[in-house]
Amino acid sequence: TPFGVDVDKFKKSEVKSPFEKNAIVVGSVKSLEAKYGTSVLINAFSIALKKRPDLNLKLLLVGKGSLEKDLKSQVEKLGINEHVLFTGRVPHDEVPNYHNMIDIYVSASTDDSESFGVSAVEACACERAVIVSSVGGLKEVVIDGETGILVPPSDAEATSAAILKFAENKELRN
């Protein structure tokens, strides 16, 4: 039986963002562990940012994990520090607020062990545009081209193209 999401808590709402009003925020709410593909997301974001610096893209990474130091180093090496915010772990009751700060939610998981994709469903409940890799339960949660975009796992180029597809088209994103 799949997990449920409390739609009284996870819903679209206005929240205070750490970014300027015109920013398009790409983000993820996941543990910073290898199987969740945060490194792929960072690479994809960097590619999108370099292709379209005029879009004022920002990356919000919500979560903590064993790869935090490595991921921050990756951001530094890519020279995108000023566009990326790591929040660390946040209390579960604040997670809906963070989903509502994100315009484009990305779950770049690389492992078929992703059983359901609760975070992607939470993002959908908050009316966010959703991009997920086609692994495990994520491909059951998102109908490609209808409820979000499916991308191949570990494919930063395809993930970047999906980010730009939503970033360049506010109507589609909404």
Cα-based shape type of segment 118-173, given that a ≥ b ≥ c are square roots of the gyration tensor eigenvalues and the cut on a/c is 1.5: oblate
4 °C / 1.567 mPa s Stokes-Einstein diffusion coefficient of segment 3-68, Kirkwood radius on C-alpha pairs, µm²/s: 94 µm²/s
Those GluC sites (Glu not before Pro) in segment 72-174 that DSSP places in a loop and that have at most 14 other beta carbons within 10 Å: Glu127, Glu146, Glu168
For segment 1-144, accessible area per residue (1.4 Å probe, heavy atoms of protein chains only), Å²: 49 Å²
Reachable lysines, given that their alpha-carbon falls under 28 Å from the alpha-carbon of Lys165 and they are not under 8 places away in the same chain: Lys11, Lys12, Lys16, Lys21, Lys30, Lys35, Lys50, Lys51, Lys58, Lys72, Lys77, Lys139
Karplus-derived HN-Hα couplings along segment 34-51 (A = 6.51, B = -1.76, C = 1.60, θ = phi - 60°), whole Hz, x at Gly and Pro: 3, 5, 8, x, 4, 4, 5, 4, 4, 4, 4, 4, 4, 4, 4, 4, 5, 6
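Return a whole-number percent for the relative contact order of the chain, with Cα pairs under 8 Å and 6 or more residues apart as the contact set.
RCO, the chain: 27 percent.
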Cα centroid separation - segment 7-86 against segment 116-170, whole Å: 15 Å
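The values are calculated or read from the model by the stated rules, or taken from the named source; none is laboratory data. From a predicted model like this one, the values you see are computed outputs, not experimental measurements. Cβ atoms come from the backbone with ideal geometry, glycine included; neighbour counts cover every protein chain shown. Keep in mind that these areas ignore ligands, DNA and RNA; they rest on the heavy atoms of the full protein, side chains included. Shrake-Rupley method; radii C 1.70, N 1.55, O 1.52, S 1.80 Å.
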